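Worksheet for the structure shown next.
The values are calculated or read from the model by the stated rules, or taken from the named source; none is laboratory data. From a predicted model like this one, the values you see are computed outputs, not experimental measurements. Every residue, glycine as well, gets a Cβ built from its backbone with ideal geometry; the counts of neighbours run over all protein chains shown.
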Amino acid sequence: MGQGKSLTGMMFNTDRMPGDSLKDFAERIESIGIDTLWLPELFGREPFATAAHLLSSTTRLRVGTGIANVYARDATAAAAGARTLSEFSSGRFVLGLGVSNSGLAQARGHDWEPPVQKLGEYVKAVRSAELSIPGDSKLEIHVAAHGPKMLTALGDLVDGVSTFLQTPSHTAETRKRIGPNVALNVTQMCLLTDDPTEARRLARRALAFYIGLDYYHRAWRKLGFTEDDFADGGSDRLIDALVAWGDPETISLRLSEHRDVGATEMVIIPLNPAGGAEPHLQLLEALTK
């Protein structure tokens, strides 16, 4: 998949919602105009099973794993799950894969392996898995990748690349590395509030886990940030670069900056200005008009 129609996606941890609300939620975001719902894999619901429920509740919405942890299941299991979901949903499932991080891999009882080699071998194994599934169900594979080594190693093996917590300059550089024929999904935290103090307070809370991770520090240093930007929950400069906040027009401008330099799909994380876990659907409605 190359640079066709510009899409709008949403990333949201549906583990926060009661099961009987998921169908209505999926139907609502589909009606708003969201193209793809990306499901994280943490320590809650199994994402393939959740995707099946959401796909069966909708007619147009694509559902992707964002991302399925390659340490959580072997490649054949991932291929079987993805091709089954693709078959049953007329190709609306996207297999998003990533290595996550060493802490989460070890928490699952696995030894951490060199990430470029691990993900490359896994994608190849998914592609080559021999499965007895009727028909020729399309298998669309996207990978989470930020660094040049990962992008170079995987660019020819996948349909799409997903980035997270990066700037438009990173999007431009990523597009140059992967070329024109690979989809580029850029995940952007967004917050509908005009109050700088409140916006940065909520943004720091949303970014707290990631601010402490060395591999994000390495990526951000390449974008011109320094150790001072990572202290005390993140500098205003870093926070404002990673979270688009303000009115709908201001947020839309940030999304356009990414699109203008090569993003195929902008994946919105709609932070709630009330501070709750519920997605801010008012923001999504404003951005998809």
Exercise. Does residue 72 qualify as being in a loop (DSSP other than H, G, I, E, B) and out of contact with any His (no Cβ under 7 Å at 6 or more places or on another chain)?
Worked result: yes
Exercise. Taking region 33-63 as the region of interest, how many residues are at pLDDT 95 or above and either of a type in the set (Ser, Thr, Tyr) or surrounded by fewer than 17 Cβ atoms within 10 Å (Cβ to Cβ) (or both)?
Worked result: 11
For this session: Select from region 152-175 the residues that are touching a strand residue (DSSP E or B) at 6+ places or on another chain (Cβ under 9 Å), outside any strand (DSSP E or B) and among the aliphatic types (A, V, I, L, M) and list them in ascending order.
Result: 154, 157, 158, 165
Exercise. Just a yes or no: is a residue in region 64-72 of a type in the set (A, V, I, L, M) and more than 27 Å from residue 10 (Cβ to Cβ)?
Worked result: no
Exercise. Is it fair to say residue 91 is within 20 Å of residue 267 (Cα to Cα) and either modelled with pLDDT of 95 or more or surrounded by fewer than 21 Cβ atoms within 10 Å (Cβ to Cβ) (or both)?
Worked result: yes
For this session: Kindly indicate which of 201, 221, 177 is within 16 Å of residue 274 (Cβ to Cβ) and either over 17 Å from the mean Cα position of the chain (by Cα) or surrounded by 13 or more Cβ atoms within 10 Å (Cβ to Cβ) (or both).
Result: 201
Exercise. Taking residue 45, is it over 15 Å from the mean Cα position of the chain (by Cα) and in a loop (DSSP other than H, G, I, E, B)?
Worked result: yes
Seminar exercise, completed: Quick count over region 252-283, residues being more than 29 Å from residue 181 (Cβ to Cβ), touching a residue at least 12 places away in the same chain (Cβ under 8 Å) and aliphatic (A, V, I, L, M), is 4
For this session: Scan the helices (runs of 4 or more DSSP H) fully inside region 182-285 and keep the ones with 3 or more residues being within 21 Å of residue 40 (Cα to Cα).
Result: 196-211, 214-221
Exercise. Within the group 124, 149, 138, which residue is out of contact with any strand residue (DSSP E or B) (no Cβ under 6 Å at 6 or more places or on another chain), touching a residue at least 24 places away in the same chain (Cβ under 8 Å) and under 19 Å from residue 48 (Cα atoms)?
Worked result: 138
Problem set entry | Of all residues making up region 238-253, the number that are within 18 Å of residue 9 (Cβ to Cβ), surrounded by 20 or more Cβ atoms within 10 Å (Cβ to Cβ) and of a type outside the set (Gly, Ala, Ser) | 3
Seminar exercise, completed: Cβ pairs under 8 Å, 6+ apart or interchain, first in region 102-115 and within 16 Å of residue 147 (Cβ to Cβ), second aromatic (Phe, Trp, Tyr) and at pLDDT below 85, ordered by first then second residue, are none
For this session: Output the residue which, of all residues in region 90-112 that are part of a loop (DSSP other than H, G, I, E, B) and in contact with a Ser or Thr (Cβ under 8 Å, 6 or more places away or on another chain), is farthest from residue 127 (Cα to Cα).
Result: 112
Exercise. Here are some conditions: (1) at pLDDT 90 or above; (2) at positive phi; (3) not hydroxyl-bearing (Ser, Thr, Tyr). Residue 124 meets all but one. Which one does it not meet?
Worked result: (2)
